[in-house]
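Scroll down for the structure; my scribbles are underneath it.
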Amino acid sequence: MARVEPPLVDLLCRRAHSVIDVAARVRLFRGILAVTARDDLRATLDRLAERAGLRDTHAQVALLTAEIALCWEPDLQRAVHGDRLDVPASALDPDDERLVPDYGRGRVLTLGERKSLARRPDRRLIDRVLRDPHPDVIELLLMNPRLTEPDVVRLCARRPNAPEILLRVFRSPRWAIRPKVRTALALNPSTPPAIAEAVVPLLAPEDLHALAQDDHAAGVVRRRCIEVLSRFAPLHDDPEPAVH
């Protein structure tokens, strides 16, 4: 007997294929998800994750877009993912002045001043702003045209890290589409488990193996890695998925 797909699965896959601009696709998905019943949405995400793990490219794009869209709808995201958004309390207090990097002004800069610096297309400042502990500063930096993928990978790989900073990276369409950024997010134990788990079906096999064996990763994330690995071809036959 053929499996009955949740109705929303094929719709999201079609939209993922037809809307090329990532930001526009996220906006479209936000509108669709906001009017979807919670149970239907959970079933849809589960099926997209299953198909994505089987290397269905349209499902991969739809899953990534849907999870980014959910990050912009906190109440809906919490309703869908529940306590999988929770992580241990961060060791980084965004308001702790001792964690604010030295911006070379001879004093600790105010939050407003640091936000202003994050917007500047000055390569010399970026390395300092990347070490700022405040998510609002980092969010502005993520829109800086001089920021590069290696910068963001380095930011996501930092340990300890603030879960809110990692969430801000993932909800940025510009960076969430980058495979290396997603891998760094998945491997960081400070990433909310729901985000890391959502990224798992999009990872390259070697990263799935590494994460499945990482004692610092959340149990639900490790189990998802093992589940995905059991479904597709051996490591040397499976290319890194291209999700845009």
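Since every read-out is calculated from the coordinates, none of them should be taken as a lab result. In this text the structure is predicted, and so the values were computed from the model without any measurement. Because the Cβ atoms are built from the backbone with ideal geometry, glycine has one as well, and the counts that use them run over all protein chains shown.
So if the hydrodynamic radius of the stretch 100-244 is defined as the Kirkwood radius over C-alpha pairs, what does Stokes-Einstein give as its diffusion coefficient at 4 °C and 1.567 mPa s, in µm² per second?
For these conditions, the coefficient is 80 µm²/s.
By average Cβ neighbour count within 10 Å, what is the ranking of 148-155, 131-138 from highest down?
131-138, 148-155
Name the shape class, rounded, prolate or oblate, that the alpha-carbon gyration tensor gives for the chain, where a ≥ b ≥ c are the square roots of its eigenvalues, rounded holds for a/c under 1.5, and otherwise prolate holds if a/b is larger than b/c and oblate otherwise. Display every interim value, and only then the final one.
Working: a/c = 1.92, a/b = 1.66, b/c = 1.16.
It is prolate, given that a/c is not under 1.5 and a/b is the larger ratio.
How long are the three semi-axes of the equivalent ellipsoid of the stretch 97-153, in whole Å, if each is the root of 5 times an eigenvalue of the C-alpha gyration tensor, listed from largest down?
The equivalent ellipsoid of the stretch 97-153 has semi-axes of 18, 11, 11 Å.
Based on DSSP H runs of at least 4 residues, each adding -39500 (n - 2.57), what is the mean residue ellipticity at 222 nm of the chain after dividing by all its residues, to the nearest 500 deg cm²/dmol?
The helix-only estimate for the chain comes to -17000 deg cm²/dmol at 222 nm.
Rank by packing, highest mean first: peptides 190-197, 100-107, 60-67, with packing defined as the count of other Cβ atoms within 10 Å averaged across residues.
Top to bottom by mean Cβ count within 10 Å: 60-67, 190-197, 100-107.
Using Cα pairs closer than 8 Å and at least 6 residues apart in sequence, work out the relative contact order for the stretch 42-161, in percent.
19
Which of rounded, prolate or oblate describes the stretch 173-237 when judged by the alpha-carbon gyration tensor and an a/c cut-off of 1.5?
Oblate, since a/c reaches 1.5 and b/c is not below a/b.
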